[in-house]
Structure formats: structure tokens, C-alpha cells
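Here is the structure we will look at, set down as C-alpha cells.
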Amino acid sequence: MSHKKLVKQQKKAKNPLQRVLLVEDDAILALALEAALLDGGAEEVVICSSMAATMRELEKARPDAMILDVHLSDRHDGWALAELASLLGPKRPRIAFSTGSPDDIPAEVREMGCVFEKPYDPAQLVEVLLSGKKAGLFSRIRGALK
């Protein structure tokens with residue numbers, strides 16, 4: 001998706017992205033995702049490379065969206081942050097899982113967001129977060145089976 005389309009979609013979004021927690025320990029991917037999120041109109045992108053850093057950021061302010069790597073430098077259950085996010089209040093942040101191991105996410109947790117299997121186009125992830133639709137890997141498979 002082009003930069004102009006992302007900006008236009010962000011302006012039309014009912015719930016625009018303001019604060020996004022990007023939980024990713026691969027610096028190159030984190031920078032690419034950050035650029036796509038900022039191009040898409042996110043006001044603030046906070047990159048966390050570990051579970052500990054993410055917990056500190058969650059204490060500071062509630063995010064509008066969270067992009068979660070499943071295998072982090074300090075833990076291999078990054079998906080557990082999605083469960084924690086459900087406790088942040090009545091309006092849960094939008095969740096996207098970014099992983100090379102989608103099968104490592106428990107089924108009940110997977111339903112909390114969309115799943116993007118690495119490698120993927122960061123602009124597509126931003127588009128899905130802005131649309132509010134679950135169009136990750138498993139949603140696309142479900143759609144193909146219907």
C-alpha cells in the first residue's frame with residue numbers, strides 16, 4: 001500500500017493509531033515496522049525488544065495497538081502480552097502477532113488478533129490495524145475455506 005493510501009486510511013479510521021507498542025527484538029524489522037506505522041499516521045511508536053521493556057511501557061500509558069513478536073530475547077511466550085492487554089480496561093488494544101512460528105501461539109490467544117507470518121509486508125500489517133479487520137495468516141485461511 002502506498003504512503004498516500006495509508007495516510008488517507010488513517011484519517012478515515014474510526015480509531016486512529018496514536019500510541020503503538022512494537023514488541024520486536026529484530027532491530028531491522030522493528031525499524032521497518034516503525035517506518036510503516038509512522039507513514040500510516042501513528043503518532044507514537046514505542047519499540048520494546050523484551051518482555052521486561054514492554055511491561056515498563058505498559059505501566060506508563062495504554063497503547064492503541066500492540067504488535068507482538070512471539071519469540072523475544074528474554075522470553076519465548078511474547079504472545080502472553082496479548083492476554084495481559086485484555087486486562088488493560090474495557091477497550092483492549094488492537095493486537096497483531098508478528099512471528100516466524102505461528103503454531104506456537106495458543107489457539108485461544110490467536111483469536112485476540114491477527115497473525116502475520118514472517119516475512120510479510122509491514123504496510124499490510126498497518127493496513128489491517130487501521131481497518132480493524134483480522135486479516136492475518138489465519139484469517140486469510142479461514143476466508144479461503146468459506
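Could you order peptides 39-51, 103-115 by the average number of other Cβ atoms within 10 Å of their residues, highest first?
Most protected by this proxy first, the peptides run 39-51, 103-115.
Near ILE28, within a Cβ-to-Cβ distance under 14 Å, what is the net charge of the other residues, with Lys and Arg +1 and Asp and Glu -1?
-4
Quick one: if the Förster radius is 30 Å, what FRET efficiency do ALA61 and ILE28 give, using the C-beta to C-beta distance and rounding to 0.05?
After rounding to 0.05, the efficiency reads 0.70.
Please state the relative contact order of region 15-145 as a whole percent: Cα pairs under 8 Å, 6+ residues apart?
Across region 15-145, relative contact order equals 23 percent.
Could you list the residues of region 51-83 with an amide nitrogen less than 19 Å from a label point located 7 Å from the Cα of GLU111 in the Cα-to-C-beta direction?
79-83
Where a number appears in this text, it was derived from the coordinates with a stated rule and is not lab data. Keep in mind that what you see is a predicted model, and the values were worked out from it rather than measured. Every residue, glycine among them, receives a Cβ derived from its backbone with ideal geometry; neighbour counts consider all protein chains shown.
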